[in-house]
Each structure stands twice: as C-alpha cells, then as structure tokens.
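The values are calculated or read from the model by the stated rules, or taken from the named source; none is laboratory data. Bear in mind the structure is a predicted one, so any value in this text is a computation, not a measurement. A quick note on method: Cβ atoms are made from the backbone with ideal geometry, for glycine too, and the neighbour counts reach across all protein chains shown.
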There are 2 protein chains.
Amino acid sequence: MRKIDPHDFKVARRGTSREINRQIALNLIRAHQPISRADLARLMNVRRGVASLLVSELLDEALIFEGALGEAVGRGRRPTFLYIDSRQRCVVGVDIRASRTYIMVTDLLGHQLGAVSSFQTNRDLDVLIPELARRIRQVLADHKEIGACEGVGVVVPGMVDPTGGRVLHAPTLSWRDVNVRDPLAAATGIPVHIENSGKACALAQLWATRSDVVASGNSVFVSVSDGVGVGVVVNGEVLRGRHNTAGEFGHVPLSIDGPRCSCGATGCWESYVSNIATLSRYFGRDLTEAKPRGAETATFTVEDLIARARAGDAKALAAINSTARYLGLGLASLINALDPARIYIGGEITTAWSLIEPIVRGALKERTLTDFGGTTEIHVVPAEEHPRLRGAVALVAAPAFAAPMVA
Amino acid sequence: MRKIDPHDFKVARRGTSREINRQIALNLIRAHQPISRADLARLMNVRRGVASLLVSELLDEALIFEGALGEAVGRGRRPTFLYIDSRQRCVVGVDIRASRTYIMVTDLLGHQLGAVSSFQTNRDLDVLIPELARRIRQVLADHKEIGACEGVGVVVPGMVDPTGGRVLHAPTLSWRDVNVRDPLAAATGIPVHIENSGKACALAQLWATRSDVVASGNSVFVSVSDGVGVGVVVNGEVLRGRHNTAGEFGHVPLSIDGPRCSCGATGCWESYVSNIATLSRYFGRDLTEAKPRGAETATFTVEDLIARARAGDAKALAAINSTARYLGLGLASLINALDPARIYIGGEITTAWSLIEPIVRGALKERTLTDFGGTTEIHVVPAEEHPRLRGAVALVAAPAFAAPMVA
DNA sequence: CAAATAAGTCCTAAAAGCAAACAATATATC
DNA sequence: GATATATTGTTTGCTTTTAGGACTTATTTG
C-alpha cells in the first residue's frame with residue numbers, strides 16, 4: 001500500500017499500459033528464457049495476440065532475439081524460442097578498492113567474459129582516471145568479438161550522491177566530494193554509473209538470474225572486509241534514503257563503549273568484525289592505526305589467519321570465533337530492523353564459513369526477537385563470484401529491465 | 001528502479017490507466033481541496049476533458065462531492081469546488097495498551113469527532129472483545145449524525161501477522177498468537193484492521209493531511225513509552241519485511257553488555273530509553289521486575305519525573321538527561337541505517353523536549369556518519385494528537401487512497 | 001493422408017487518453 | 001450598456017491499446 005506523492009507523481013499516458021506490459025514481458029523472458037510467445041502469453045495471462053505484439057516490439061528494439069525452434073510440446077507446431085539479446089553488447093565493471101582496482105567484462109546478463117584484471121589503485125584521480133580509461137579501452141580492444149560496450153559500472157567503498165555524480169566520502173580512499181563519473185566518461189567515451197559497493201552488491205543479487213532465488217524482494221547484502229558494507233533491498237528496490245546514504249549498518253553499535261571505529265564513533269559493528277578487527281584480536285593489539293607493523297603483521301591476512309585456525313592454532317580459532325559471534329549479534333540487529341527474507345554475506349571471513357556458521361547462527365538467535373527471525377536464510381557469496389564487480393555490472397545492466405515509474 | 005518480480009506481477013489491463021489516474025486525481029483532491037476540475041487538470045498535466053471524466057467517476061462512487069462555486073480567479077466562469085466526501089461516514093480507532101484501551105471516532109480524513117474515551121484493558125479476550133464491541137456500538141450510537149462506520153482500526157503494542165489476522169506476540173499484554181480481528185468484526189458487524197502500533201503511527205504521519213509535510217516518503221516514527229515502538233516508511237510505503245516484523249529498532253543494542261531487556265536480550269535501545277528505564281535510573285534500582293514497589297514508585301510516572309526536573313530536582317534532571325543522550329545515540333543508528341528525511345518522536349518523554357533537545361541532538365551528531373545525517377529533521381508529536389489512535393484510523397482510511405498495484 | 005493440436009497472425013470491439021471545438025459564465029474595456 | 005476576452009466545464013472525433021475470437025501455419029499421431 002503505497003502513498004501517491006502529490007508533489008511527485010506520474011500520470012498514466014496512452015503508452016503507459018504498453019510500457020508496463022513490455023517490461024513484464026522482458027522480465028519474464030529474462031527469467032524463463034528460452035520461452036515461446038505462447039508460453040509468455042500463458043504466464044502473463046493475456047491473449048497470444050497481445051504477447052506477440054509485445055514480443056515484436058522487443059524484437060524491433062533488439063532487446064530480445066528469436067533463436068532456434070524448440071521441441072514440440074505434444075503434437076503441433078514447434079515454438080520459436082525467445083532470448084534476451086546479450087550478443088554483441090557488453091558491460092564493464094570496475095571495483096575501486098583501497099589497495100587494488102579490479103576490472104571485469106560481462107554480457108548484459110552479467111555472464112563473465114574473459115578474466116578479471118587488476119592494478120594498484122592510485123588515489124590521485126589525475127593518475128587513476130587515465131590509467132583506468134586506458135585499461136578499459138585495452139580490455140575492450142582485447143575482446144572485439146563481444147561487441148559494443150553499453151556502459152561502465154563503478155563501485156567504491158564509500159558514499160555516493162543520489163545522482164551518482166559525486167563520491168561524497170570514501171574514507172579508505174581518502175576521497176571527499178570528488179567526481180569520478182564525468183572524467184571517466186569523458187576519457188572512455190562510454191556512459192559511467194557509480195554506486196556504493198554495498199548497494200551495488202545488493203542490486204546484483206536482486207538481479208541475479210539464478211533459479212534458486214524465489215522472489216526475494218527483501219534481502220540484505222553484508223560485505224565484511226576492511227570495513228563492513230551493507231546494501232538493503234526492500235520491495236525489489238535498493239534502499240537509498242533521503243541522501244542515498246541508507247544501509248550503513250556497519251556503524252550501528254554493538255557496544256557504544258567498544259573499540260574506536262574508523263568513522264570516529266566507538267563500538268560500531270564494523271569495529272568488531274572487520275578484517276582488521278579480527279587480526280587485531282589475534283595479535284592482541286590495535287592494527288587500525290598506521291603505525292609501523294612488525295614483519296609478520298604487515299602482510300598477514302585474514303585468509304592466513306583462517307588457514308592457521310584450520311591447522312589447529314587455538315588462538316587463531318578463538319579470534320575467528322569471536323568475530324563469528326559479533327557477526328551474528330550484528331546480523332540480529334539487521335534482522336530485527338529489516339526482517340529480510342534472505343541475507344547474503346561476502347568477504348574473506350566467508351572462507352571460514354563451515355567453521356563459524358554454528359557460532360554465527362547461535363549468536364544471531366540470542367538477539368532476534370522472533371523464531372522466524374532466528375532462522376532467516378543466510379547465503380554465502382564466495383569471493384570467486386566477484387560480488388562487487390557483479391554489482392558494478394548490475395548498475396549498467398539492470399535499468400533496462402526495471403519496472404516503469406507509474407502513479 | 002524497482003525489479004519486477006517474475007513470480008508476482010500485475011499486467012496492465014484495459015482499465016489500469018484509468019485506475020492509476022483516478023487514484024492520482026483522488027490524492028490531488030485530498031491534498032489540495034477545495035480544487036476545481038480545471039486546476040486538477042493543470043496539476044495532472046492532462047486535458048480538462050480527461051480530468052472531468054475522472055472526476056465524474058469519483059463523484060459516481062461518492063468518494064468526492066461538489067461543493068459551492070468558488071470565486072472567479074480572473075474573469076470567466078466560476079469553478080465548482082471538489083472535496084473528499086467525508087460526510088456521513090466515519091472510522092473508529094482503537095488503541096489497546098497494557099493498562100488502558102482507548103477509542104476515538106474520526107471522519108475519513110482523520111479529523112476527530114467527539115472525545116477520546118477509554119477503559120481498563122482486560123487481557124482476557126473473552127472479556128475484552130465483548131466490552132470493546134459494546135463500547136464501539138455505544139460511541140457510534142452517541143454520534144448518529146456522523147453516519148455509517150467504514151471500519152475499525154486497532155493498534156496493539158506487538159507483532160501482527162502480514163494479513164492482520166493474528167497478533168503473534170504482544171509481550172506487555174502477554175498475548176501469543178491470538179485472533180482479535182475476526183471476533184471483533186463478528187461482534188460489531190464492522191470490518192476490522194489490526195496492526196502494530198509503531199507501523200500504524202508511521203502510516204498515520206505519512207497520510208496526515210498537513211501542509212507542512214513536503215513529500216516525505218522516507219520517514220520514521222519512534223514511540224517511546226513502556227517500550228520503544230518504531231515504524232518505518234520507505235518510498236511512501238510502510239516497511240514490513242518478510243514477516244511484517246520489520247522496524248524493531250527498539251531491540252537494536254546500544255551495548256550488548258547493557259541492562260537486561262524485556263525481550264530477553266541485553267542492552268537493547270529500549271532498555272535504555274523506555275519510561276521504566278528512565279524511572280529505574282532515577283530510583284537507582286530495577287523497576288522492570290514485577291516485585292512489589294514502594295508507595296512512591298508504584299504510581300510515579302515519567303511525567304512526574306519531568307515535573308520534578310523542571311522544578312529543579314537535579315537527580316531527576318540527570319535521569320532524564322541520560323535518557324536523552326541514549327535516545328540520541330539510538331536515533332543515530334536509525335539515521336545511519338535508513339537515512340530518513342524526517343523522524344517523528346512520540347511518547348511521554350517528548351513533554352520534556354525543550355529540556356532534552358540539545359542533548360538528543362548532540363548525542364545524535366556523535367554517531368551519525370554524515371553531516372546531513374546529523375541534521376535530520378526531528379518532529380515531536382505531542383500526546384494530544386493521539387498518534388496511535390490516528391494510526392489505527394489510518395489503517396482503515398488510507399487504503400482507499402493508495403496507489404494501485406501495477407507491474 | 002486425415003485428424004488433432006499448438007504457435008502465431010489478423011481483425012473487430014471496447015476502453016481510455018489526446019486534441020480541439022463548443023457552451024456557459026464572469027470580468028474588463030470602450 | 002455593448003462587446004471583447006478569459007476561464008470553466010462538456011462534448012465530439014481520433015488514435016492507441018487491450019480483449020476476444022477467427023484464421024493460417026506447422027507438426028505430430030493414428
């Protein structure tokens with residue numbers, strides 16, 4: 001039950017019905033491809049005539065194409081299968097992180113084309129933008145067969161303004177109010193979309209074409225690495241809030257008297273479960289500050305820690321178990337606040353999931369208000385799936401499939 | 001940018017455009033009444049002919065009516081003013097609380113008719129329902145002139161299932177999985193809608209017809225009394241989550257090592273800022289447990305405490321200031337998580353708002369991530385406005401004005 | 001080879017937005 | 001006081017779009 005905003009509404013024009021049904025058809029083809037016109041009509045509960053018209057319109061715009069004929073169902077004419085047209089068009093995803101920047105090319109449905117490449121991030125935009133543009137052109141030139149690039153999606157670990165024009169604040173990159181989109185678009189000649197990485201990851205999961213995802217219009221993506229990034233999906237839409245800064249559950253406290261967080265406050269969830277927090281717990285001292293580390297701590301990662309834990313290092317296991325417990329306690333807040341149908345978790349700590357899952361689940365149940373809250377589905381997204389890069393790609397690919405704005 | 005759920009969509013039928021524009025027209029009349037057909041057409045950016053047809057349809061359904069002619073604007077024919085038809089139809093709002101149950105009658109726009117009545121709550125449904133039904137019939141009989149009752153809205157301090165059929169858990173009433181709606185509907189012969197009080201309050205603010213509310217499709221209602229109830233509005237819609245239990249920010253922790261909360265966990269926001277928590281702080285001992293209180297503490301309320309604080313009692317002021325600080329710290333979590341355009345606060349503590357506002361605001365700024373987060377508009381809703389009862393009424397009145405489900 | 005069945009196309013009717021003309025009414029100006 | 005002008009609200013023809021059904025095409029089965 002949505003209220004119509006009397007200051008910002010959209011009246012239905014003559015083409016509105018058509019627009020709505022066209023997008024529904026497009027989404028059904030995407031979800032069920034390959035599919036025939038007749039099946040589409042049945043799914044939509046409209047006459048075959050209407051479905052045919054919608055299909056021919058989508059064909060004209062080259063959003064879909066007719067593939068081979070399918071097998072006859074019983075007897076009778078064989079159906080012509082329809083597919084989303086992801087041929088000869090691609091999308092570039094870019095993930096800018098504090099240490100390295102990653103690039104991936106996919107088709108319009110997010111299927112990976114070629115390998116992920118990366119290079120060291122130079123935080124100076126005057127250096128970064130030209131290098132990024134050069135590498136994007138390079139990777140596109142290397143894959144001429146995949147056709148024209150529809151757009152570049154960029155995710156950053158920080159806040160982005162509602163229009164995507166400016167990165168307002170990215171602490172780990174020490175960026176404040178910088179414009180990445182326009183210079184990069186100018187340098188590449190390709191439209192660029194930028195978004196916070198947590199929101200983009202949530203978007204990517206929402207739009208993922210997996211058969212196992214059953215209508216999860218309410219979900220949360222939690223990315224645990226240097227910080228904790230969270231993206232929230234409500235009613236099939238990414239939660240943005242008034243200034244596009246919603247979703248910062250990483251800075252909701254577990255204990256306001258807890259350790260100091262990079263955001264300036266104390267006891268944020270992030271300050272308990274980030275990789276640095278876990279390592280600090282293991283080494284028994286605060287690693288967040290930029291003081292010179294010892295030979296060992298300088299290069300030691302959470303993955304190394306997990307390896308030690310699996311090898312029997314009790315201290316390592318204890319550090320990880322603590323993180324698991326805090327992870328669960330924080331997830332409980334998330335569940336109490338949002339009651340999502342599913343939680344996705346990404347980040348290095350997930351490689352230890354088999355070790356920590358019972359602890360996470362136990363801590364979660366301690367604080368969730370309801371029984372079904374305690375059993376909320378948790379889905380691990382492994383690093384090999386490149387959730388952030390898929391998020392970046394989704395920024396470009398998803399809008400074409402979105403529901404039209406109406407009423 | 002909303003995703004179309006391929007398992008739950010609505011195709012546009014022949015009447016869909018009409019339905020959309022009809023609801024837009026209805027909402028614009030509601031927001032701008034009195035208004036002429038010509039002005040409506042200008043607002044909607046359609047031809048007057050279309051607006052006229054929509055209006056005549058709304059007139060046929062008696063959703064609006066034609067009032068007197070307005071003054072001619074410049075020269076030319078005088079406009080006929082249109083109004084929402086709230087004559088001869090009313091709504092009953094019911095607020096069931098642990099100690100007392102309140103009843104109010106309003107018109108379809110939520111304008112109060114007559115006084116608020118109340119009686120002691122008997123938690124036994126077999127007693128409560130007949131008494132409630134009797135009193136509802138009574139109050140309707142007392143106001144025969146206000147016409148037929150369109151529905152009864154009931155709010156309870158607890159969780160309600162998504163269909164509104166059952167109260168799943170209301171701790172302060174010690175109700176678990178009880179059906180209030182159907183017995184009450186049977187006893188009164190009027191349709192009954194039930195919802196959690198926090199969600200209903202948020203709904204009421206969303207639908208409030210006040211000129212000062214400018215397009216706040218993202219807002220939060222925080223009700224501080226025995227517990228902390230929260231209702232969230234996102235994109236003009238109440239946040240429900242998978243099981244209609246979203247919004248329980250009262251049980252997001254400030255410190256997981258904090259005081260025990262009624263929910264069983266420790267350190268919930270509620271356990272810091274509820275009235276009982278404030279009083280416990282003043283008396284220096286835990287009042288949550290049902291042990292016999294002293295003569296003074298038994299009847300002493302937060303309002304009494306505020307009166308003492310205003311009279312110069314330093315200990316009382318300190319207790320209230322503590323609550324204020326914790327209130328601000330919790331609001332910061334809310335802002336970081338949801339980035340609302342506005343926060344509404346209700347409950348007894350708001351009578352001390354002039355005392356505590358700087359402290360609340362200061363604590364809030366300590367933990368909000370962004371500058372604009374720290375300046376989020378906070379709007380106090382005084383008890384005289386009966387936010388919960390208005391919420392109950394909104395449950396009945398709002399659906400008629402809601403946007404149609406499309407795509 | 002004929003019957004049955006499914007896919008896809010085409011035609012007509014009803015509904016709704018769009019556009020312009022028309023009637024009614026009020027004010028301004030000469 | 002007569003005429004011009006502006007505004008409201010209604011009406012009429014036109015176009016687009018969905019609904020429903022008939023028709024054509026293609027394929028399998030008996």
Taking segment B:194-235 as the region of interest, how many residues are modelled with pLDDT of 90 or more and either more than 20 Å from B:V155 (Cα to Cα) or assigned to a helix (DSSP H, G or I) (or both)?
14
In segment B:86-111, anything under 15 Å from the mean Cα position of the chain (by Cα) and not hydrophobic (A, V, I, L, M, F, W, C) is listed as B:G93, B:D95, B:R97, B:Y102, B:T106, B:G110, B:H111
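Going by the structure shown, is B:E61 more than 14 Å from DNA strand D (Cβ to nearest atom) and closer than 16 Å to B:F401 by Cβ?
For B:E61, the condition - more than 14 Å from DNA strand D (Cβ to nearest atom) and closer than 16 Å to B:F401 by Cβ - is met.
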Where residues in segment B:144-162 are among the acidic types (D, E) and touching a residue at least 12 places away in the same chain (Cβ under 8 Å), which of them is surrounded by the fewest Cβ atoms within 10 Å (Cβ to Cβ)?
B:D161
Keeping to segment A:11-34, report how many residues are more than 10 Å from DNA strand D (Cβ to nearest atom) and hydrophobic (A, V, I, L, M, F, W, C).
6
Verdict on B:A141 being buried (at least 19 other Cβ atoms within 10 Å of the Cβ), free of Cβ contacts under 8 Å to residues at least 60 places away in the same chain, more than 16 Å from DNA strand C (Cβ to nearest atom) and more than 21 Å from the chain's Cα centre (by Cα)
no
I'd like the residue in segment B:262-277 that is at negative phi and more than 24 Å from the chain's Cα centre (by Cα) and, out of all such residues, is farthest from the other protein chains (Cβ to nearest Cβ).
B:T266
Exactly one of these conditions fails for A:I4: (1) without any contact (Cβ under 8 Å) to a residue 12 or more places away in the chain; (2) away from DNA strand C (no atom under 11 Å from the Cβ). Give me its number.
(1)
Checked segment A:371-405 for anything among the small types (G, A, S) and within 12 Å of another protein chain (Cβ to nearest Cβ); matches are A:G373, A:G374, A:A394, A:A397, A:A398, A:A400, A:A402, A:A403
Return yes or no: is A:R361 modelled with pLDDT under 95, among the charged types (D, E, K, R), over 22 Å from the mean Cα position of the chain (by Cα) and part of a helix (DSSP H, G or I)?
no
Of all strands (runs of 3 or more DSSP E) completely enclosed by segment B:1-110, which ones contain at least 1 residues that are among the basic types (K, R), loosely packed, with under 14 Cβ neighbours inside 10 Å and more than 8 Å from every other protein chain (Cβ to nearest Cβ)?
B:100-107
